[in-house]
Every structure is written in C-alpha cells, then in structure tokens.
1. Taking only pairs six or more apart or across chains, which ones have beta-carbon atoms under 9 Å, a first residue in the stretch 141-169 that is part of a helix (DSSP H, G or I), and a second residue that is among the acidic types (Asp, Glu)?
2. Which residue is most open to solvent (accessible area, probe 1.4 Å), if the candidates are limited to the stretch 47-80 and must be more than 21 Å from residue 141 (Cβ to Cβ) and in a helix (DSSP H, G or I)?
3. Does the stretch 81-96 hold any residues that are more than 17 Å from the chain's Cα centre (by Cα) and open to solvent by less than 50 Å² (accessible area, probe 1.4 Å), and which are they?
4. For residues that are under 16 Å from residue 229 (Cα atoms) and free of Cβ contacts under 8 Å to residues at least 40 places away in the same chain, tally how many sit in the stretch 187-209.
5. Does the stretch 160-186 hold any residues that are under 23 Å from residue 228 (Cβ atoms) and either open to solvent by 60 Å² or more (accessible area, probe 1.4 Å) or modelled with pLDDT of 90 or more (or both), and which are they?
6. Restricting to the stretch 128-154, count the residues that are more than 22 Å from residue 110 (Cβ to Cβ), under 17 Å from the mean Cα position of the chain (by Cα), open to solvent by 30 Å² or more (accessible area, probe 1.4 Å) and hydrophobic (A, V, I, L, M, F, W, C).
7. Of 99, 157, which residue is surrounded by fewer than 19 Cβ atoms within 10 Å (Cβ to Cβ) and modelled with pLDDT of 90 or more?
Amino acid sequence: MTTEQAAQQATRPAAERPTAGQPAERPAERPAEPSAGRVTKRRERTRANLLDAAFRVFAAKGFGRVSIEEVCEAAGYSRGAFYSNFASLDELFFALYRQRADLIARQVSDALAGDGPDLDVPASVDRVTEVLLLDLDWLLVKTDFLVHAARDPAVAQTLLEHRSRLREAVADRLARARGRAALPAVLGDADSAAHAVVAAYDGVTTQLLLDKDVDGARAWLGQLLTALLTDGSGTPR
C-alpha cells in the first residue's frame with residue numbers, strides 16, 4: 001500500500017476500514033452506457049408510440065383541435081420525447097401520412113402487378129378495390145389536415161409531394177402496360193390517367209366520410225375505375 005493510500009484509509013471511519021487480510025474495497029463501477037443499438041430501438045419505439053397516440057387523438061378530436069401536450073399525454077411521454085422525434089405536429093402528421101401513402105401505393109402496385117406485363121383492367125380494378133385501405137378514422141384525419149394545408153402554401157406543397165406517391169405508383173404500372181392495354185385517348189398519357197384514378201379515389205372516399213358505407217365505396221370505386229380506364233364495357237380500347 002502506498003503512503004497516499006494509507007493516509008486515505010486512516011481518515012475513513014473504522015467500520016469502513018478493511019480488516020487485516022481483507023482486500024481493500026474497490027471503487028464502485030459506473031453502469032455501462034446503453035449501446036447505440038438499444039438507444040436506436042428505444043427511440044424507434046417512442047416514435048411509433050407517439051404516432052399511434054397522435055392518430056387516435058387526431059381521429060377523436062380533429063387535427064386542428066389537438067395540442068402537442070395532448071399527444072404526449074395520450075402516449076405517456078414528455079414534451080422532450082416529442083421534440084426529440086418531431087419538430088411540430090405538422091411534421092408528425094407527415095410521418096403518419098407517409099406510412100399510409102406508402103401502404104396504399106404498395107397495395108395498388110401489388111394489385112396491378114398481378115397480370116404480369118399485360119394489364120387486365122377489370123381484374124386489376126377488382127384486386128385494387130378489394131385490398132385498398134378505406135379506413136374512416138384515417139380519412140377523417142387526412143381531411144382535417146387537407147383543410148389545414150389549404151391555408152398554408154408551404155404545408156400544401158409538402159402535402160402535394162406526399163400525395164404524388166400513390167399517383168406515381170399507378171402511373172408506373174399504366175406506363176409499363178402501354179401498348180398491351182391501350183387507355184382511352186381522352187386520358188392522355190399514363191401520368192394523366194393516374195391523376196384521374198386518384199381523383200376517383202378522392203371522390204369516393206369523400207362520399208364514404210358521409211355515408212360510412214365501406215362496401216358501397218368499394219363497389220362505386222370499382223365501377224368508376226373500370227369505366228375510366230376502358231370504354232365503359234370493361235374492355236380496354
């Protein structure tokens with residue numbers, strides 16, 4: 001034992017001094033810092049919980065009537081947890097929108113890809129309308145935010161960019177089928193046809209918000225898309 005260690009030991013209470021033959025007490029070790037992987041997973045879980053809670057609160061109260069504090073309370077987190085994941089409610093909504101837009105685009109792309117290089121419009125439309133997300137709570141939240149975005153040009157531009165995901169998925173499939181399944185000339189190119197398809201979806205979902213008839217909405221959407229992409233008889237031109 002060094003002179004310095006002996007001096008430190010002499011100043012400790014007798015009860016804390018090691019007895020003869022007993023090894024000197026080691027300083028307590030600091031707990032290990034959480035690994036980057038655990039931090040990342042925890043943050044992902046926090047973010048997912050905030051998104052789920054926000055969706056429930058938005059659906060119940062309306063986007064414009066919800067505060068950050070209410071989202072935090074519903075999720076069981078502090079404001080600090082919110083701001084470590086999102087800068088604003090707008091940013092949180094766009095994360096929600098991206099989830100749903102990606103899901104719908106994937107549903108449409110998968111349904112339209114069922115025919116291989118050719119495009120059987122009636123069969124493709126049946127598959128699309130069968131799997132397409134028609135969730136009333138999501139439609140309420142999306143419509144609330146649409147009104148909010150209409151009053152803010154910057155938010156509106158970001159929303160337009162997000163809405164383009166679904167249109168691009170439809171346009172890509174129609175373009176790949178070009179020459180094998182001709183579209184009505186009035187629709188122009190594949191991108192214009194995709195705009196018309198998304199417009200039909202928007203119109204049907206607006207009606208769905210009012211009458212709550214999901215089965216009727218799927219049937220109407222199927223009829224509209226078939227008429228839009230064919231000569232009305234179910235046979236592409």
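1. Matching pairs, first to second residue: 145/90; 148/90; 149/90; 155/90; 158/90; 165/102; 167/191; 168/191.
2. Of the residues in the stretch 47-80, the ones more than 21 Å from residue 141 (Cβ to Cβ) are 78-80.
Retained after the next criterion (residues that are in a helix (DSSP H, G or I)): 79-80.
Values: 79: 99, 80: 48 Å².
Only one residue fits best here, namely 79.
3. In the first step, residues of the stretch 81-96 are kept if they are more than 17 Å from the chain's Cα centre (by Cα); the result is 81, 83-84.
Selection gives 81 alone.
4. Within the stretch 187-209, the first condition is being under 16 Å from residue 229 (Cα atoms), and the residues that meet it are 187-201.
With the extra rule that they be free of Cβ contacts under 8 Å to residues at least 40 places away in the same chain, the set shrinks to 188-200.
Summing the residues that are under 16 Å from residue 229 (Cα atoms) and free of Cβ contacts under 8 Å to residues at least 40 places away in the same chain in the stretch 187-209 gives 13.
5. Passing the criteria: 160, 163, 165, 168, 172, 176, 178, 179, 180, 185, 186.
6. First, the residues of the stretch 128-154 that are more than 22 Å from residue 110 (Cβ to Cβ): 136-137, 140-141, 143-154.
Remaining after also requiring under 17 Å from the mean Cα position of the chain (by Cα): 136-137, 140-141, 143-146.
Now drop any that are not open to solvent by 30 Å² or more (accessible area, probe 1.4 Å), which leaves 136-137, 140, 143-144, 146.
Filter again for hydrophobic (A, V, I, L, M, F, W, C), leaving 136, 140, 146.
Residues that pass the stated criteria total 3.
7. Working: 99 fails: modelled with pLDDT of 90 or more.
Just one listed residue meets the conditions, 157.
The values are calculated or read from the model by the stated rules, or taken from the named source; none is laboratory data. Note that the structure is predicted; figures quoted are calculated from it, not measured. Please note: Cβ atoms are built from the backbone with ideal geometry, for glycine as well, and neighbour counts cover all protein chains shown. These accessible areas exclude ligands, DNA and RNA; they are computed on the full protein's heavy atoms, side chains included. Shrake-Rupley method; radii C 1.70, N 1.55, O 1.52, S 1.80 Å.
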